[in-house]
1. Considering the range B:76-104 alone, what residues qualify as being touching an Asp or Glu at 6+ places or on another chain (Cβ under 9 Å) and hydrophobic (A, V, I, L, M, F, W, C)?
2. Check the range B:365-372 and report whether any residue there is free of Cβ contacts under 8 Å to residues at least 60 places away in the same chain, more than 9 Å from chain A (Cβ to nearest Cβ), outside any strand (DSSP E or B) and under 30 Å from B:Asp68 (Cα atoms).
3. Among strands (runs of 3 or more DSSP E) lying entirely in the range B:217-296, which contain 2 or more residues that are within 22 Å of the chain's Cα centre (by Cα), free of Cβ contacts under 8 Å to residues at least 24 places away in the same chain and farther than 30 Å from B:Trp384 by Cβ?
4. Within the range B:330-352, identify whether any single residue is farther than 24 Å from B:Lys291 by Cβ, away from chain A (no Cβ under 13 Å) and not in a loop (DSSP other than H, G, I, E, B), and answer yes or no.
5. Would you pick out the residues in the range A:120-170 that are at the interface with another protein chain (Cβ under 9 Å from one of its Cβ atoms), over 34 Å from the mean Cα position of the chain (by Cα) and not hydrophobic (A, V, I, L, M, F, W, C)?
6. Would you check which residues across the range B:373-396 are hydrophobic (A, V, I, L, M, F, W, C), within 14 Å of chain A (Cβ to nearest Cβ) and in a loop (DSSP other than H, G, I, E, B) and list them?
7. Residues A:Ile346, A:Ile356: which one is closer than 27 Å to A:Thr41 by Cα, under 16 Å from the mean Cα position of the chain (by Cα) and aliphatic (A, V, I, L, M)?
8. Would you point out the residue of the range A:392-402, among those that are free of Cβ contacts under 8 Å to residues at least 12 places away in the same chain and in a strand (DSSP E or B), that is surrounded by the most Cβ atoms within 10 Å (Cβ to Cβ)?
Amino acid sequence: MAREFKMPDLGEGIHEGEILKVFISEGDHVNEGDPLLEVETDKAAVEIPSPFTGIVEKILVKTGDMVKVGEVLITFSKESQAQDKKKSGAIAKEPKPVAKDTEEKAEPSEKITGSKAGQGPVPASPSTRRLAGELNVDLREVPPSGPSGLVTAEDIQKFAEKQKGKTEEKSSKPEMPSPEASEDQPRKTNVVQLSVPPLPDFSKWGPVETIPFRSLRRATARQMALSWSQIPHVSNQDLADITKLEAFRRKQKTKIAEKGGNLTLTVFALKAVVTALKAYPYFNSSLDTNSGEIILKNYYHIGVAVNSNEGLMVPVIRDVDRKSISQLAIELFDMAARARERKIGIEELQGGTFTITNAGPMGGGYFSPIINYPEVAILGLGQARMQPVVRQNNDGNQEIVIRLMMPVVLCFDHRVVDGVDAIRFTRMVIEALEDPEELFLNMI
Amino acid sequence: MVMGELSLDTQLLVIGSGPGGYAAAFRAADLGLEVTMVDTDDRPGGECLFRGCIPSKTLLYLAELIHDAKRAAPMGLTFGEPKIDLDAMRQWKKKVMDRLADGLVTLSQKRGVERIRGKAVFEGSNSVILRDSDVRHIRFRHAIVATGSSPIVFPGTTFNKGGRIISSAGALELNDIPETLLVIGGGYVGLELGSVYASLGSRVTLVEQSDRLMTGVDRDLVKPLQNRLKTLFKSIHLNVTIKSLTEDGEKVEVAFDGKQAPPDQSFDRVLIAIGRKPNTLDLGLENTGVKLADRDFIRVDNSQCTHDSSIYAVGDVVGGFMLAHKAQYEGKIAAEVIAGKPSIFDARAIPAVVFTDPQVAWCGLTEESAKKENRIVKIHRFPWKYSGRAITMDAPEGMTKMIVDAESERILGLGIVGRDTEGLIAEGALAIEMGALAQDIALTIHAHPTLSETEMETAEIFLGSATHIISPNKK
């Protein structure tokens, strides 16, 4: 019997992914560990290595397919040797490919599909039919895999995934219940659920192009909608004088670069934020409305928004409080690079307690970022610009000087913290950034 | 509920607390909806529990015991003449009903389903007024109509309390054992209740206007039952109609019509079992968008929704098989749809059981409907005279019959006549719903010696080799 390679569990909460690339062809010989497929999940693109050494018998997926965890992706011919990669030391629990299986009697010789006699409903069990209803699949369209045309639950799943892909590509029009239909046939209404009204046909007014709404774009949309619908956002805006810090940064930049890092403003912001988080721990928390608790986290894992070609990613730097500036500069540089190339692991995108988004390099000024749910606040940095600043000189007189000023925006969850806390928090971040020496003192 | 409260708001109003109504209410409550159930009866259960399935099966069980005791004599076991204590029998029947009804009351309470006694009449698509109730008015987001059906009255007569012309409900009250009973109607109600009274000692005459008993059921399944009833009843007259029916003191004078009509005569009681009609005409449905079909059934789609999007209907009021289990299934579908789930009624096999002796049960496609629809099918039968278990019970007249798609041999219908078919038919229903092939049943081990083997052996005939019968198509 053939060995089946199923979509592995890719980590917490990931149930499905899209096949981006298929590296192999049917009949190929692959070694254990060779990449088979590239799969894009909500957050990252992952290469899936082969757990077997052997011959690829059949590839059941193609680029663009959405696959669920546990779905069979590839089968290997019987001489393939199973080697459990992760637990190579342990005795494999899986059933060994026993030769007996292959000698099994042939299937019933008469295999009839799509019988003429079968004028009745499509054969499928009640649970399968219910699944079809849930996934909005017409049983008659599904290619059956069971005996004599029986449609199985797996057939429905597979078909639904394909259908989903298709409708996304075609940007199908949502079905409107036609008022005429209700005359003769009782209306079927979707009660309880609130739905978005259907869009007009834009092509009436000019040429349009439709882009599939997938993967990262879809994940971002889901996350943003969730955050915006759950969190009452308030933003506090201010300016940080980073003249001194920028001078320091330029001086140290090459030194860090030699070590393989990139000393950006974000690196300092990471440190400044942790200082403030320690002083105001509610900004390092999550609100659990189900249990009615605020969960304070005694670790400081800071997410940094990174722009990749496919969209926004937020890799998380762990234990920022325990790392040096140069360590952070190296780690952030590496993570951002990998995130841009979608080579980052899912676990590196999880577990953040606070997020920083630096729009400065792109030339952004003031903006109001959305909190990365279920975190409580996000810090946005704009581009630092030379500005005339009125200040008191040492003689106690007012003077106008040219300083490098950076917009700082703190968006916070007003359920958990108040404006007063936010102002104090922001001030602490700004003071840390304005006085690098103070910042470094705090870091030690 | 606070008594005296005049107006009430609810998410889901279920009108009628029979099997369809309470199944819907319970399912909806389990799905988190706030449910109010209104009925003119005190406790849930409806026609089925108080005037139908349950009391009739209670009495049929006793009839079966009487019959079995007699049958045992040639096997060497002789009982004395049964003593019939009608009072005790009625008490027993009441106990059975009470136990079940009280159970439903508890289930309602535990699920937080609010029960209100009264007669609900629609004022519009989202409210009803109640008659004979402490609550005057209920506003709802959705309603499920599950008001069931009533026995059809014979034209020109009425069912009066204590009258001689009785409905199934009247017959089940078991007021007396009439010396002579005329049953009008050869459907399952007439046959079941006729059997009860005949077993208790009445001389039962049955008339049916068509040329057969149990219209809609394959003739070969009815045959063994008909043979048995011929001996149990005084007489059975087919193709006979009633010319007149006159209640006259202690008797009912009956005049018959038809070629083989018996002479006009009088009976102590006459049971009218000519069908049921939906209870839809006094519900104020005209104040809603609900539309009625032929014979006043409510029109619904496969999600049980009527033409009025806030009103659903389940059970006898929507027609089809007027059976409690069909109503319950529909009730659950309606509840799920109202709770936002994409459920539809798409059952392929609704089992039906006639609790006579022998019992007749069938599900899915019948031979006659296959013919009508020009379906290409294959049919095989397994007579129970080849079943070891049937012989041990001296029940060789039974028969199991399977209808499959000619090409795929997928099981489309199953019919059984014999003892205990009520349990056997479940396998057929499951097979049809699962899309099983005859081979699937043939390859499933069935315990020996049981009557269920007859289902396996019938399936084996399709494959060309059944153990206890010579297959016509040996393979």
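1. B:Leu86, B:Ala101
2. For the range B:365-372, residues free of Cβ contacts under 8 Å to residues at least 60 places away in the same chain, more than 9 Å from chain A (Cβ to nearest Cβ), outside any strand (DSSP E or B) and under 30 Å from B:Asp68 (Cα atoms): absent.
3. none
4. yes
5. Residues satisfying the conditions are A:Gly120, A:Pro121, A:Pro123, A:Ser125, A:Pro126, A:Gly146, A:Pro147, A:Ser148, A:Gly149.
6. Passing the criteria: only B:Ile376.
7. A:Ile346
8. So, considering only residues that are free of Cβ contacts under 8 Å to residues at least 12 places away in the same chain and in a strand (DSSP E or B), the one surrounded by the most Cβ atoms within 10 Å (Cβ to Cβ) is A:Glu399.
The values are calculated or read from the model by the stated rules, or taken from the named source; none is laboratory data. All figures in this text were calculated on a predicted structure; none of them were measured in a lab. So basically every Cβ, Gly included, is an ideal-geometry build from the backbone, and we count neighbours across all protein chains shown.
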